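*Asks:* Before I ask anything, let me first share the structure, which is written out below as structure tokens.
The values are calculated or read from the model by the stated rules, or taken from the named source; none is laboratory data. Source: prediction; values computed, not measured. Methodologically, a virtual Cβ is constructed for each residue, glycine included, from the backbone with ideal geometry; neighbour enumeration extends over all protein chains shown. Surface areas here come from the heavy atoms of the whole protein model, side chains and all, with no ligands, DNA or RNA. Shrake-Rupley method; radii C 1.70, N 1.55, O 1.52, S 1.80 Å.
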Amino acid sequence: MRTPHGAGGSARRAFPGLGGRRLVGLTAAALVAVSAAACSSSPSTAGPGAASGGSASGAAGGSGCAANATPLTFWGWSAGYDLVVKEFNKTHPDVCVKLQNAGATTAEYVKLNDALKAGDGAPDVAQLEYFEVPSFEITKNLVDLSQYGVASSRADIAPAAWSQVSQGSALYAMPVDLGPLALYYNSKQFSAAGLTVPTTWDQFATAADKLHTADANAAITNFDPESTQDVLALMQQYGAFPFTYSGGTSVGINFTGAAQTAFANYWQGLIDKKEVTTASDFSPAQWANLDSGANAARLSPAWGPVGMQLSVKKTIGDWRAAPMPQAQAGQNLAGNWGGSTLAVVKGSKHAKQAAEFAQWFGGSADAWKILSGPVAGAFPGYVPLLNSPDFQNTTLPISSDDKSNAVFADAAQHLAQTQWPPIMTAALTQWTSTFAGVTKGTETLPQAFQAFQKQLSDYAKAQGFTVTAS
């Protein structure tokens with residue numbers, strides 16, 4: 001997903017999945033900032049604050065349609081979506097899709113929820129991040145796409161993407177892009193320090209210690225405690241993802257179990273020894289650290305390298321991709337940071353055509369030729385493209401002749417399974433204030449996990465959910 005500047009909106013209103021309540025004490029600007037920080041960037045941007053494509057007026061993608069074409073309204077904000085819509089309209093003359101940018105992430109979700117409550121003004125199709133799908137599903141505001149044959153695309157979609165939008169045989173959105181993680185490291189710095197690319201987290205800690213012992217100004221990577229989706233993606237890859245949800249009113253929230261505690265202790269140990277930095281993701285400090293050798297590696301989502309190469313200068317050509325270190329030797333698990341889906345909204349008068357559009361958008365070579373191109377720059381959840389030699393052999397100046405896409409493509413098909421609960425808006429909102437003390441050094445990551453466990457569990461119970469700790 002791309003988050004544009006000025007992604008405002010009435011963020012202090014009620015959110016889907018929150019029972020009409022909201023967390024107290026947050027301004028609209030603060031809430032939008034939280035959502036922006038949690039949202040992924042495309043490879044064509046430097047971070048969540050970069051400008052997106054799309055059409056604020058709704059005219060893009062809607063012109064040139066036949067007068068008798070079935071009209072569809074599509075709310076989306078990501079770069080290049082207008083080009084994909086134009087291609088669909090050109091090749092599907094019986095349907096006319098009009099793209100409207102109703103705001104990015106939280107701003108769109110607020111407007112969509114308001115329109116659904118009012119019973120007027122909702123689009124036929126809406127872009128939703130994976131973690132937001134359950135919040136609209138639980139209020140029965142998403143159309144089950146399986147009734148329109150969209151499940152026929154399942155074999156072409158990365159399993160972890162499909163699992164995040166389905167419950168049993170029901171399918172509540174069409175997956176589009178993903179953000180699988182890889183270890184993106186400075187090959188010259190690793191070589192100069194005598195570091196072997198680590199394959200386990202124990203080896204990673206050993207490498208961090210060796211690097212910092214040789215150079216007190218060097219840390220192996222950055223770990224931003226306040227970056228919600230970053231931390232959750234790392235927990236996912238570590239086998240410590242804290243949520244379980246399979247529909248209904250029971251949710252699992254577990255930040256204090258054995259795996260979660262081991263994860264927190266691991267990173268707190270590196271923080272205490274100053275073997276990782278804690279700069280804000282996408283900040284000038286983070287880019288400076290990566291370019292100066294203060295950080296030797298980045299735990300990067302697939303969309304990260306292109307944006308990163310816009311922000312570093314000295315180390316262009318030095319970076320290489322490797323699979324993420326594993327909690328246990330021999331594993332091959334990846335985590336995911338970011339990605340969007342297309343959902344058909346309840347009340348659409350043309351749900352069949354809307355489902356056709358969503359399926360084509362996320363599951364066709366014609367759409368992905370544009371989505372993965374230089375304007376949109378989305379990283380595919382579309383398996384035929386992930387497996388394509390041309391895609392895997394693509395190179396970037398930041399990595400010289402390294403085939404980084406091949407590493408990220410493999411990671412996309414080995415993502416640990418996740419189940420997002422329908423309370424993620426509240427989780428994203430609360431996270432920053434709870435974890436700020438870890439950045440400041442006034443609390444530890446295990447302490448923040450304990451506090452967040454109670455805060456989010458109490459919140460979920462107040463919304464009528466039954467909470468389990470597993």
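*Asks:* Suppose we take every Cα in the chain and form the convex hull; what volume per residue is that in Å³?
*Replies:* 128
*Asks:* Another question, if that's okay. Can you list the lysines whose alpha carbon sits under 25 Å from that of LYS346, skipping same-chain ones fewer than 8 residues off?
*Replies:* Cross-link targets: LYS86, LYS98, LYS111, LYS117, LYS140.
*Asks:* If each DSSP helix of 4+ residues adds -39,500 (n - 2.57) and the sum is divided by the residues in the chain, what number results at 222 nm, nearest 500 deg cm²/dmol?
*Replies:* So the helix-based figure for the chain works out to -11000 deg cm²/dmol.
*Asks:* Normalise the Cα radius of gyration of the stretch 169-275 by 2.2 N^0.38 Å (N = residues in it) and let me know the number.
*Replies:* Expressed relative to 2.2 N^0.38 Å, the Cα Rg reads 1.33.
*Asks:* How big is the accessible area of HIS212 in square angstrom, nearest 10, if you roll a 1.4 angstrom probe over the protein chains?
*Replies:* 40
*Asks:* With every protein chain kept in the model, how would you rank GLU443, GLU129, GLU356 by accessible area, 1.4 Å probe, largest at the top?
*Replies:* Accessible-area ranking of GLU443, GLU129, GLU356, largest first: GLU356, GLU443, GLU129.
*Asks:* While we're here: Would you mind calculating the relative contact order of the chain from Cα pairs under 8 angstrom and at least 6 residues apart, reporting the percent as a whole number? Walk me through the numbers on the way to the answer.
*Replies:* Details: 1031 pairs, mean separation 116.3, N = 470.
About 25 percent, as a whole number.
*Asks:* Sticking with this one: Please give the FRET efficiency for GLN463 paired with SER152, using the beta carbon to beta carbon distance and R0 = 30 Å, rounded to the nearest 0.05.
*Replies:* Efficiency at R0 = 30 Å is approximately 0.25.
*Asks:* Also, quick follow-up: With the cut-off at 18 Å, report for the stretch 114-212 the share of all Cα pairs above it, as a whole percent.
*Replies:* Pairs farther apart than 18 Å: 62 percent.
*Asks:* Have a look at the DSSP beta bridges in the chain and tell me what percent are antiparallel, nearest 5. Spell out each step's value before the answer.
*Replies:* Details: 25 of 41 bridges.
That works out to approximately 60 percent antiparallel.
*Asks:* Could you please report the charge total around GLY269, scoring K, R as +1 and D, E as -1 over all other residues with beta-carbon less than 13 angstrom from its beta-carbon?
*Replies:* Taking every Cβ under 13 Å from that of GLY269, the sum is -2.
*Asks:* Using a probe radius of 1.4 Å on heavy atoms only, what accessible surface per residue do you get for the chain? Whole Å² is fine. Walk me through the intermediate numbers first.
*Replies:* Details: 17170 Å² over 470 residues.
With the other protein chains kept in place, the chain gives 37 Å² per residue.
*Asks:* Lys/Arg Cβ at +1, Asp/Glu Cβ at -1, dipole of the chain taken about the Cα centre: which of HIS350, THR395, THR221 is farthest positive-ward?
*Replies:* Projecting each Cα onto the dipole axis, the largest value belongs to HIS350.
*Asks:* Which order, highest average first, do 97-104, 114-121, 136-143 follow once you tally other Cβ atoms within 10 Å for each residue and take the mean per peptide?
*Replies:* Values: 97-104: 24.8, 114-121: 13.4, 136-143: 20.4.
With the highest mean Cβ count within 10 Å placed first, the list reads 97-104, 136-143, 114-121.
*Asks:* A further question on this structure: Length gain on complete extension for the stretch LYS313 to ALA436, per 0.36 nm per residue less the alpha carbon to alpha carbon distance? Working shown, then result.
*Replies:* Values: separation 123, 0.36 × 123 = 44.28 nm, distance 3.00 nm.
Length gained between LYS313 and ALA436: 41.3 nm.
*Asks:* By per-residue mean of other Cβ atoms within 10 Å, what is the highest-first order of 304-310, 397-403, 203-209, 225-231?
*Replies:* Taking the mean over residues of other Cβ atoms within 10 Å, the ranking is 225-231, 304-310, 203-209, 397-403.
*Asks:* For the stretch 363-470, what does the equivalent ellipsoid look like in terms of its semi-axes, each the square root of 5 times an eigenvalue of the Cα gyration tensor, given largest first in whole Å?
*Replies:* Values for the stretch 363-470, descending: 39, 19, 13 Å.
*Asks:* So if R0 is 22 Å, what FRET efficiency would THR261 and ASP202 give, r being the distance between their Cβ atoms, rounded to the nearest 0.05?
*Replies:* 0.85
*Asks:* Now, a different point. Ranked from highest to lowest mean number of other Cβ atoms within 10 Å per residue, what is the order of the peptides 173-183, 266-276, 292-302, 155-165?
*Replies:* 173-183, 292-302, 155-165, 266-276
*Asks:* What ratio of Cα Rg to 2.2 N^0.38 Å holds for the stretch 216-330? Present the calculation step by step, with values, prior to reporting the outcome.
*Replies:* Numbers: Rg = 15.9 Å, N = 115, 2.2 N^0.38 = 13.4 Å.
So the stretch 216-330 has a normalised radius of gyration of 1.19.
*Asks:* To continue, here is another question. For the stretch 292-407, state what percent of all Cα-Cα pairs lands in each successive 5 Å bin, counting from 0 Å until the bin that includes the largest distance.
*Replies:* Histogram of Cα-Cα distances, whole percents per bin: 2, 9, 16, 19, 17, 14, 9, 6, 4, 2, 1, 0.
*Asks:* Specify, per residue and in Å³, the volume enclosed by the convex hull of the alpha carbon atoms belonging to the stretch 234-283.
*Replies:* Once divided by residue count, the hull of the stretch 234-283 is 111 Å³.
*Asks:* Here's another thing I want to ask about it. So for the stretch 83-139, what percent of the C-alpha to C-alpha distances run longer than 16 Å?
*Replies:* Distances greater than 16 Å cover 52 percent of the Cα pairs.
*Asks:* Can you tell me how much longer the chain between LYS346 and ALA451 gets when fully stretched, taken as 0.36 nm per residue apart minus their C-alpha distance, in nm with one decimal?
*Replies:* Working: separation 105, 0.36 × 105 = 37.80 nm, distance 3.68 nm.
Taking 0.36 nm per residue and subtracting the Cα distance, the gain is 34.1 nm.
*Asks:* Would you please give the FRET efficiency between ASN217 and LYS188, computed as 1/(1 + (r/R0)^6) with r the Cβ-Cβ distance and R0 = 25 Å, to the nearest 0.05?
*Replies:* Efficiency at R0 = 25 Å is approximately 0.95.
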